[in-house]
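The values are calculated or read from the model by the stated rules, or taken from the named source; none is laboratory data. Remember, predicted model here, so these are calculated numbers, not experimental data. Methodologically, a virtual Cβ is constructed for each residue, glycine included, from the backbone with ideal geometry; neighbour enumeration extends over all protein chains shown. What goes into the accessible areas is simple: the full protein's heavy atoms, side chains included, and nothing from ligands, DNA or RNA. Shrake-Rupley method; radii C 1.70, N 1.55, O 1.52, S 1.80 Å.
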Amino acid sequence: MTSPDRPHIPVLLGPVLDLLRVEALRAGRFVDGTVGAGGHAAAILEAAPDVRLLGLDRDPAALALAQARLAPFSARATLVHASYEDMPAQIAAWLGDGAPVDGILLDLGVSSMQLDQPERGFAFMQDGPLDMRFDPTSDAPTAADLVNLLDAGELADILYRYGEERQSRRIAQAIVEARPLHTTRALADVVASARRGPREKIHPATRTFQALRIAVNDELGAVERTLPHAIDLLRPGGRLAVISFHSLEDRIVKQTFKREATDCICPPRQPVCTCGHTASVKLVTRKPVEADDAEIARNPRSRSAKLRVVERLADSSER
């Protein structure tokens, strides 16, 4: 389990520092919108002596770990219990209205720390309550609420859309018939019993748990809403780096970056541009950066990580 004495291993750390140009921006202002236990944030602060960093996280337990890990950096690190969707307001409070930043990092998805805590309900290998909220202090619906209150069709839609579960209808019906379900193991057993076909490498409940977690935390919607705002918060030449861990997240990041790096987004067959869209960024990584074999050996979680980076443009002459 992650602790101040046994911190988690931040993924793609070298590429993040290089592509955000932390050392070159010795007095830069950076935002870690998913600060977690503080691994990336600590490395950013260590790399440059005058860097200031704002760290945000929805999870108060993660924030407490980050506070301990970043304590040696004193006033250079400011930590706030908030979602990365709140970046505009939080940066305004940190730096003053209208002040841009040099770099923003988003490390999406669930952390190994959260998976290691049975009471959070993210994993099924140990029994725990069906919660799955990134912020357990919020009044947002839990996974138990979704599992026990939605009808079979609504559940199937969530499992198919967010978990890409091909047997979503069968599993959803089995869940409805087994209600009430309040623990991770009970749900995992129902899903495992409902699935048909040959055994896969992953646990049969993996896609169901992923789908419920994404739905509970509105993860994809939050990413879609946040990326354009994050670009607007950068100074010209500032960079936005996003690490994703599954195809649904990466697709949103890829499509958003491609759109914002393009002048005209009218349909290809349209003879005259009517959209009025102009590029606001240039692509720094045309293909995602992925972990090499050495990192995967050290940290298996990095196997599915994809890093994409864009740079804010100053004006049309830079496109």
At a Förster radius of 35 Å, what calculated FRET efficiency corresponds to the Cβ-Cβ distance of His203 and Ser74, to the nearest 0.05?
-> 0.20
Along principal axes, Cα extents of segment 1-91, largest first, whole Å | 32, 32, 24
Accessible area in square angstrom per residue, the chain, 1.4 angstrom probe = 48 Å²
What helices does the chain hold that run 24 Å or longer along their axis, going by alpha-carbon atoms, with a Kyte-Doolittle average of 1.6 or more, using DSSP H for the helix calls?
-> none
Subtracting the Cα-Cα distance from 0.36 nm times the residue separation, let me have the gained length for Gln255 to Glu164 in nm, one decimal.
-> 30.9 nm
Where only C-alpha atoms are counted, convex hull volume of segment 139-195 per residue in Å³ | 77 Å³
After finding the eigenvalues of the alpha carbon gyration tensor for segment 36-175, what semi-axes result from the square roots of 5 times each, listed largest first in whole Å?
-> 36, 17, 13
Take segment 122-274, drop everything but the C-alpha atoms, weight them equally and run the Debye formula without solvent; then report log10 I(q)/I(0) at 0.19, 0.20, 0.21 Å⁻¹ to two decimals.
-> -1.12, -1.20, -1.29
Rounded to two decimals, what is Rg over Rh for segment 200-288 when you use alpha-carbon atoms and the Kirkwood radius?
-> 1.07
Normalised by the residues of the chain, what does the relative contact order come to in percent, with Cα pairs under 8 Å and at least six apart?
-> 16 percent
The chain - Debye-derived log10 I(q)/I(0), Cα point model, q = 0.08, 0.13, 0.14, 0.16 Å⁻¹ | -0.40, -0.99, -1.11, -1.33
So the carbon and sulfur contribution to the accessible area of the chain, 1.4 Å probe, in percent, is 50 percent
